[in-house]
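Novice: Here it is: the structure, laid out below.
The values are calculated or read from the model by the stated rules, or taken from the named source; none is laboratory data. Nothing here was measured: the structure is a model prediction, and the numbers come from that model. Note: ideal-geometry Cβ built from the backbone for every residue, glycine included; neighbour counts use all protein chains shown.
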Amino acid sequence: MAQPAQYASDGHEKDETGASAALRGLRVLDLTRVRSGPTCVRQLADWGADVIKIEAPVDTAQFGGPRSGPDFQNLHRNKRSLSLDLKSAEGLAAFRKLADTADIIVENFRPGVKKRLGIDYDTLSLSNAGLIYASISGFGQDGPLADRPGFDQIAQGMGGLMSITGAPGNGPMRVGIPMADLCAGLFAAQGILIALFERATSGRGQWVQTSLLQAQVFMLDFQAARFLMDGDVPKQAGNNHPTSIPTGVFKTSDGHMNIAVTGNNIWSRFAAVMGRDDWLTDDRYATAPARSEHRDALGAEIEAITATDTTEAWITVFTDAGIPAGEINDIGQVFANPQVQHLGLAQPVTSQERGDTQLVGQPILMSRTPSRIATPPPLLGQHSAEILTELGYSGADIAAMKSSGAI
């Protein structure tokens with residue numbers, strides 16, 4: 001259980017060494033690979049849990065990319081590393097012993113793997129009733145597609161996202177980030193925190209499950225509701241909003257910008273700012289359904305005006321009028337943005353492989369228990385001796401395990 005926090009004079013909880021005081025005292029065993037699982041565990045590590053990354057002594061697959069790569073570095077900070085061969089009797093015994101001390105285990109194996117290894121929830125919870133065990137898979141732990149291998153782009157396609165992304169007539173399009181992976185990881189972390197809250201009352205853990213497919217379908221949100229409630233199958237709309245027009249990308253004299261005109265009040269202000277009060281009485285544009293039906297004609301009229309001035313000038317005009325508008329930045333421009341810098345989204349770290357660098361920090365600000373990147377990603381097996389010693393293994397035991405290849 002988490003220990004009572006100590007407070008500094010500024011009201012922040014003291015946490016000179018860890019990432020945060022928020023989840024201090026929780027132990028997490030990280031069996032995850034690639035992205036969805038590590039995304040989940042990062043939410044626990046960055047908020048102060050003692051995360052132990054369980055890794056094979058020799059990683060030939062490198063599913064998460066090279067250890068020195070930006071992807072691995074960004075996903076695996078604030079952890080310790082224990083190398084264990086779970087297929088060896090000694091390695092499995094050490095893991096089982098460690099599992100009895102854990103609050104949380106997270107894995108994203110294909111559904112049958114954990115059962116074959118004897119590290120599934122039903123087995124481990126027999127000796128640790130408070131264990132919260134989170135599983136992320138491609139399509140769920142059971143059902144007709146459970147055994148299919150999962151991958152983000154596969155889930156984007158099967159979950160409908162690619163059918164509503166991209167320009168009409170140009171075929172399906174994936175989004176530029178691994179949406180299904182990321183959301184599955186975040187939902188798993190949310191499920192773990194829900195289970196932790198419930199455990200405070202019941203004293204019992206539980207098995208938390210999600211999948212890339214579940215996450216992707218859930219993230220369809222209003223597009224899914226359009227089908228479930230009205231039978232409407234949404235199509236691609238390019239840079240236009242599917243239903244709220246005019247919301248989309250418009251040319252300016254020096255590039256492009258986003259404008260979001262939602263609801264009648266903003267539409268009236270927008271027409272006034274554009275010097276086109278006639279739009280308000282034009283049958284093609286007077287109502288939201290009419291604007292949606294005639295979106296191409298309205299877009300062309302808007303763009304004829306926005307193309308006469310710069311993006312910066314238009315953003316000033318629209319912002320002053322209370323109309324949402326914004327630049328379209330590349331990634332370099334994102335991190336040069338003064339608001340992004342103010343929010344501290346790029347956090348400094350000294351990587352063991354790369355030296356001084358920066359990683360993406362948490363997007364949540366907590367008044368008393370803030371998060372920081374306290375330690376870089378560990379080297380493979382960096383903390384094996386330390387962790388095994390905590391479990392009661394002697395130096396001779398550890399040396400024997402190393403000699404046998406168990407660690």
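Novice: Check every one of the helices (runs of 4 or more DSSP H) wholly within the range 314-403 and list those with 1 or more residues that are within 30 Å of H256 (Cα to Cα) and β-branched (V, I, T).
Specialist: Fully inside the range 314-403 and qualifying: 331-336, 338-342.
Novice: Then there is this: Count, please, the residues in the range 147-171 that happen to be under 20 Å from C183 (Cα atoms) and assigned to a loop (DSSP other than H, G, I, E, B). Before the answer, list the steps.
Specialist: Kept after step one, since they are under 20 Å from C183 (Cα atoms), are these residues of the range 147-171: 148-165.
Applying the additional criterion that residues be assigned to a loop (DSSP other than H, G, I, E, B) yields 148-151, 159-160, 164-165.
The total comes to 8.
Novice: Among the residues of the range 197-215, what is the count of those that are among the acidic types (D, E) and touching an Asp or Glu at 6+ places or on another chain (Cβ under 7 Å)?
Specialist: Kept after step one, since they are among the acidic types (D, E), are these residues of the range 197-215: 198.
From the residues that got through so far, the ones that are touching an Asp or Glu at 6+ places or on another chain (Cβ under 7 Å) too are none.
The number of residues fulfilling the criteria is 0.
Novice: Please find, within the range 277-300, the residue that is nearest to the chain's Cα centre (by Cα) out of those that are among the charged types (D, E, K, R) and assigned to a loop (DSSP other than H, G, I, E, B). Give the steps one after another, and end with the answer.
Specialist: We begin by selecting, within the range 277-300, every residue among the charged types (D, E, K, R); these are 277-278, 282-284, 291, 293, 295-296.
Keeping just the survivors that are assigned to a loop (DSSP other than H, G, I, E, B) gives 282-284.
Details: D282: 44, D283: 44, R284: 41 Å.
Result: R284.
Novice: Of all the residues that make up the range 38-71, how many are crowded, with 21+ Cβ neighbours inside 10 Å and in a loop (DSSP other than H, G, I, E, B)?
Specialist: Residues flagged as crowded, with 21+ Cβ neighbours inside 10 Å and in a loop (DSSP other than H, G, I, E, B) within the range 38-71 amount to 4.
Novice: Criterion first (buried (at least 22 other Cβ atoms within 10 Å of the Cβ) and either of a type outside the set (D, E) or at pLDDT below 95 (or both)) does R35 satisfy it?
Specialist: On the way: buried (at least 22 other Cβ atoms within 10 Å of the Cβ): yes; either of a type outside the set (D, E) or at pLDDT below 95 (or both): yes.
Against the criterion (buried (at least 22 other Cβ atoms within 10 Å of the Cβ) and either of a type outside the set (D, E) or at pLDDT below 95 (or both)), R35 qualifies.
Novice: Would you mention how many residues in the range 380-401 are over 18 Å from N78 (Cα atoms) and in contact with a strand residue (DSSP E or B) (Cβ under 9 Å, 6 or more places away or on another chain)?
Specialist: 1
Novice: Right, another one. Hey, among the residues in the range 14-26 that are surrounded by fewer than 18 Cβ atoms within 10 Å (Cβ to Cβ) and at negative phi, which one's modelled with the lowest pLDDT? Walk me through how you get there before you give the answer.
Specialist: Within the range 14-26, the subset surrounded by fewer than 18 Cβ atoms within 10 Å (Cβ to Cβ) is 14, 16-17, 25.
Subset that is at negative phi: 14, 16-17.
Values: K14: 46, E16: 54, T17: 67.
So the residue we want is K14.
Novice: When you scan the range 375-397, do you find a residue that is in contact (Cβ under 8 Å) with a residue 24 or more places away in the chain, closer than 20 Å to R42 by Cα, exposed (fewer than 13 other Cβ atoms within 10 Å of the Cβ) and assigned by TED's automatic domain parsing to the domain that holds P57, even just one?
Specialist: Yes; the residues of the range 375-397 include at least one that is in contact (Cβ under 8 Å) with a residue 24 or more places away in the chain, closer than 20 Å to R42 by Cα, exposed (fewer than 13 other Cβ atoms within 10 Å of the Cβ) and assigned by TED's automatic domain parsing to the domain that holds P57.
Novice: If we keep just the residues of the range 266-283 that are of a type in the set (A, V, I, L, M, F, W, C) and free of Cβ contacts under 8 Å to residues at least 24 places away in the same chain, which is surrounded by the fewest Cβ atoms within 10 Å (Cβ to Cβ)? Spell out the reasoning first.
Specialist: Of the residues in the range 266-283, the ones of a type in the set (A, V, I, L, M, F, W, C) are 266-267, 270-274, 279-280.
Keeping just the survivors that are free of Cβ contacts under 8 Å to residues at least 24 places away in the same chain gives 271, 279-280.
Values: A271: 18, W279: 21, L280: 14.
Going through the qualifying residues, I end up with L280.
Novice: Could you list, in sequence order, all residues of the range 27-57 that are of a type in the set (K, R) and in contact with a strand residue (DSSP E or B) (Cβ under 7 Å, 6 or more places away or on another chain)? First the steps, then the outcome.
Specialist: The first filter runs over the range 27-57 and keeps only residues of a type in the set (K, R), leaving 27, 33, 35, 42, 53.
Selection gives R27, K53.
Novice: Any residue at all in the range 284-292 that is surrounded by fewer than 16 Cβ atoms within 10 Å (Cβ to Cβ), under 30 Å from Q153 (Cβ atoms) and of a type outside the set (K, R)?
Specialist: No, the range 284-292 has no match at all.
Novice: Do we find that Q382 is in contact with a Lys or Arg (Cβ under 8 Å, 6 or more places away or on another chain) and not aliphatic (A, V, I, L, M) in this structure? Steps first, please.
Specialist: On the way: in contact with a Lys or Arg (Cβ under 8 Å, 6 or more places away or on another chain): yes; not aliphatic (A, V, I, L, M): yes.
Yes: the conditions hold for Q382.
Novice: If V360 satisfies all but one of (1) in contact with a helix residue (DSSP H, G or I) (Cβ under 7 Å, 6 or more places away or on another chain); (2) surrounded by fewer than 16 Cβ atoms within 10 Å (Cβ to Cβ); (3) over 30 Å from L82 (Cβ atoms), what's the number of the condition it fails?
Specialist: Result: V360 fails condition (3) only.
Novice: Of all residues in the range 240-265, count the ones that are in contact (Cβ under 8 Å) with a residue 24 or more places away in the chain, of a type outside the set (G, A, S) and crowded, with 18+ Cβ neighbours inside 10 Å.
Specialist: Counting residues in the range 240-265 that are in contact (Cβ under 8 Å) with a residue 24 or more places away in the chain, of a type outside the set (G, A, S) and crowded, with 18+ Cβ neighbours inside 10 Å gives 8.
Novice: Turning to a different aspect of this structure: Which residue pairs have Cβ atoms closer than 7 Å, lie 6 or more positions apart in sequence or on different chains, and pair a first residue in the range 55-78 that is more than 16 Å from P38 (Cα to Cα) with a second residue that is of a type in the set (S, T, N, Q) and at pLDDT 90 or above?
Specialist: P57/S83
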